[in-house]
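Peer 1: Once you've had a glance at the structure underneath, I'll fire off some questions.
Every number in this text was worked out from the coordinates using simple rules, so none of it is lab data. Remember, predicted model here, so these are calculated numbers, not experimental data. Cβ atoms come from the backbone with ideal geometry, glycine included; neighbour counts cover every protein chain shown.
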Amino acid sequence: MHSIIFTLLVTVLIGGGASLVAQNALPGDLLWGFKINVNEKIESAFSPGAKAQAYFDIMAIKARLEEAEKLAADSKLTADVRAEIQENFDTHFIGAQQNIAALEAKNNYAIAAEMATRLQTVIATQMSGPLDLREALDKASSLSSDMSTKAELY
């Protein structure tokens, strides 16, 4: 019985330590996969509801854009790493759009408008960065405009 408890304790400590170290990992680093596939999945699971999920996706988008910027500044943004960041960005962008649509479907127009505006702002602040964000910004701007209009009308 003591060996089971000891094993669980060691597992938790090692997993927790890896989780903490992974928080600072950048794309291309050994622990970046742990960061996005473990840490972020756990964080997402503890973000109940469409508003919290939209916010989570927007913050993940912000993190990816900041990571890309840092790697570019350090001349470490390879084509493979750029593609990996873009794929993760796209996943969270779609997630944010879906959660904003879920808020809209529940007639939570003011919250949907707030999340859409946050999404637009995060993308707009990184337009001069290393990723091509024009299409995403156009979609986010349109979504923000639509949700703001509905929030004003309803």
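Peer 1: Which numbered condition in (1) in a loop (DSSP other than H, G, I, E, B); (2) farther than 16 Å from Leu131 by Cβ; (3) under 14 Å from the mean Cα position of the chain (by Cα) is the only one that Pro27 fails?
Peer 2: (2)
Peer 1: Name the residue, out of Phe46, Phe56, that is crowded, with 17+ Cβ neighbours inside 10 Å and within 21 Å of Gln23 (Cα to Cα). Steps first, please.
Peer 2: Numbers: Phe46 fails: crowded, with 17+ Cβ neighbours inside 10 Å.
Matching residue, one of Phe46, Phe56: Phe56.
Peer 1: Continuing with the same structure: How many residues are more than 14 Å from Leu133 (Cβ to Cβ) and either surrounded by 13 or more Cβ atoms within 10 Å (Cβ to Cβ) or among the acidic types (Asp, Glu) (or both) if we restrict to the range 69-87? Walk me through how you get there before you give the answer.
Peer 2: Initial filter on the range 69-87 (more than 14 Å from Leu133 (Cβ to Cβ)): 70-71, 73-81, 83-84, 87.
From what's left, either surrounded by 13 or more Cβ atoms within 10 Å (Cβ to Cβ) or among the acidic types (Asp, Glu) (or both): 70-71, 74, 76-77, 80-81, 84, 87.
Number satisfying all stated conditions: 9.
Peer 1: Further question on the same structure: How many of the residues making up the range 74-96 are over 17 Å from Gly33 (Cβ atoms) and in contact (Cβ under 8 Å) with a residue 12 or more places away in the chain?
Peer 2: The total comes to 4.
Peer 1: Contact list please: Cβ distance under 8 Å, first residue in the range 44-73 and under 20 Å from Ala112 (Cα atoms), second residue loosely packed, with under 15 Cβ neighbours inside 10 Å, pairs at least six apart or on different chains.
Peer 2: Final answer for the pair search is Ala50/Lys106; Phe56/Glu43.
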